[in-house]
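As structure tokens, the structure follows; a few thoughts come after it.
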Amino acid sequence: MRKKIIAGNWKMNTSLAEALSLIGQVNLSVQQQTHPLLQTIIAPPFIWLTEATRIAVTTNGLQVAAQNCHHEKSGAYTGEVSAAMLASCGVKSVIIGHSERRQYQRENHAELVQKITRCFEEQLHVIYCVGETLEERDTNRHFETVKKQLQEVLGEINAEHASSVVVAYEPVWAIGTGKTAGPDQAQEMHAFIRKELQTIWNAEVAQNTSILYGGSCNSGNADALFSCADVDGGLIGGASLKADEFAVIRNIMISKLA
Ligand code: 13P
């Protein structure tokens, strides 16, 4: 069975005090309520990662991810953070290709391939984000966009590394907007992504790859989304900043595993 994953992307939020409190609360709730097939991930800002890995009890299924890494190994890149640094402080995975970075940092596909390669060199897993803009969906180019994002990046990754990749479908129009893809839209795209993974790698890998939904996912819509056959969990933004809300979303996923 594919691994189910609930991941919280904190983006550029939280003070030190808020981060410590939130890490502690999430850690406690994972200790109290967990399932062997559920992986819980939190992705705090870089600066809190060491605290997060120190507090997180990974044996209970709580892992710490970073929101990005630099595409070079090391060197004179002021202000940047390498995959090796992340691995050395206990981070287990890295979010790569988030639409906010594609948009604001102009990250291109060649750079994303390099970042993913750096992650694998450090035995880090990758949560690779794809998703179309509203304009692309409105003009019926959403499949084309996602296909290109998959082919030009994951197409460069050897199938032997595929078990270290999770894909997150995050329609740009649903991120932080309160608009969510309906379950039918999510299932349709997730099935399409799985079919593309089969073309890029093979059928077995495609069946075993977890595909997460992201974009205004919350306790009110998680049940419908997680009921979809090809939705293996969520990459949660705003709702992951509230420990109670995040716990409810996790429990909804656990209920699907019962
Ligand atoms: P929201 O849940 O705030 O819409 O953010 C989703 C996201 O971008 C997660 O990476």
Exercise. In the stretch 42-54, is there at least one residue being farther than 21 Å from Asn13 by Cα and either outside any helix (DSSP H, G or I) or at pLDDT below 95 (or both)?
Worked result: no
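Here's a check for you: in the stretch 112-136, which residue that is over 22 Å from Lys92 (Cβ atoms) and more than 16 Å from the ligand (Cβ to nearest atom) is surrounded by the most Cβ atoms within 10 Å (Cβ to Cβ)?
Among residues in the stretch 112-136 that are over 22 Å from Lys92 (Cβ atoms) and more than 16 Å from the ligand (Cβ to nearest atom), the one surrounded by the most Cβ atoms within 10 Å (Cβ to Cβ) is Glu136.
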Exercise. Is at least one residue of the stretch 92-105 under 20 Å from Ile41 (Cα atoms) and aromatic (Phe, Trp, Tyr)?
Worked result: no
Problem set entry | Among (1) outside any helix (DSSP H, G or I); (2) basic (Lys, Arg); (3) closer than 25 Å to Ala19 by Cβ, the one test that Lys115 misses | (1)
Problem set entry | Near pairs, Cβ below 8 angstrom, 6+ apart or cross-chain, from the stretch 4-30 (part of a helix (DSSP H, G or I)) to any residue that is modelled with pLDDT under 95 and β-branched (Val, Ile, Thr) | Leu20/Ile55; Ile23/Ile55; Gly24/Ile55; Asn27/Ile55; Asn27/Val57; Val30/Val57
Problem set entry | Counted residues, the stretch 86-111 - those being among the hydrophobic types (A, V, I, L, M, F, W, C), crowded, with 22+ Cβ neighbours inside 10 Å and not in a helix (DSSP H, G or I) | 4
Exercise. Would the stretch 52-61 turn up any residue that is within 16 Å of the ligand (Cβ to nearest atom) and either surrounded by 15 or more Cβ atoms within 10 Å (Cβ to Cβ) or under 23 Å from Asn251 (Cβ atoms) (or both)?
Worked result: no
For this session: For the stretch 168-175, indicate whether the set of residues that are closer than 16 Å to Lys115 by Cα, within 16 Å of the ligand (Cβ to nearest atom), touching a strand residue (DSSP E or B) at 6+ places or on another chain (Cβ under 7 Å) and not aliphatic (A, V, I, L, M) is non-empty.
Result: no
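To keep it simple, each residue is scored yes or no on (1) touching a residue at least 60 places away in the same chain (Cβ under 8 Å); (2) in a loop (DSSP other than H, G, I, E, B); (3) among the hydroxyl-bearing types (Ser, Thr, Tyr); (4) under 14 Å from Arg2 (Cβ atoms).
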position	(1), (2), (3), (4)
Val167	no, no, no, yes
Thr180	no, yes, yes, no
His190	no, no, no, yes
Arg194	no, no, no, yes
Val205	no, no, no, yes
Leu212	yes, no, no, yes
Asp223	no, no, no, no
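To keep it simple, each residue is scored yes or no on (1) without any contact (Cβ under 8 Å) to a residue 40 or more places away in the chain; (2) within 16 Å of the ligand (Cβ to nearest atom); (3) crowded, with 20+ Cβ neighbours inside 10 Å.
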{"position": "Gln151", "(1), (2), (3)": "no, no, no"}
{"position": "Asn158", "(1), (2), (3)": "yes, no, no"}
{"position": "Gln185", "(1), (2), (3)": "yes, yes, no"}
{"position": "Leu241", "(1), (2), (3)": "no, yes, no"}
{"position": "Ile254", "(1), (2), (3)": "no, no, no"}
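Would you check which residues across the stretch 118-155 are on the phi > 0 side of the Ramachandran plot and either part of a strand (DSSP E or B) or of a type outside the set (S, T, N, Q) (or both) and list them?
Correct list: Gly131 only.
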Problem set entry | Candidate set: the stretch 219-239, residues that are within 14 Å of the ligand (Cβ to nearest atom) and under 15 Å from the mean Cα position of the chain (by Cα); chosen: the one nearest to Ile127 (Cα to Cα) | Leu235
For this session: Identify, from the list Leu49, Leu38, the residue that is more than 26 Å from Glu111 (Cβ to Cβ), under 17 Å from the mean Cα position of the chain (by Cα) and buried (at least 16 other Cβ atoms within 10 Å of the Cβ).
Result: Leu38
Problem set entry | Looking only at the stretch 73-119, and only at residues there that are of a type in the set (Gly, Ala, Ser) and out of contact with any helix residue (DSSP H, G or I) (no Cβ under 9 Å at 6 or more places or on another chain), the one that is nearest to Ser164 (Cα to Cα) | Ser88
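The values are calculated or read from the model by the stated rules, or taken from the named source; none is laboratory data. Keep in mind that this is a model prediction, so the values were computed, not measured. Backbone-built Cβ (ideal geometry, glycine too); neighbour counts: all protein chains shown.
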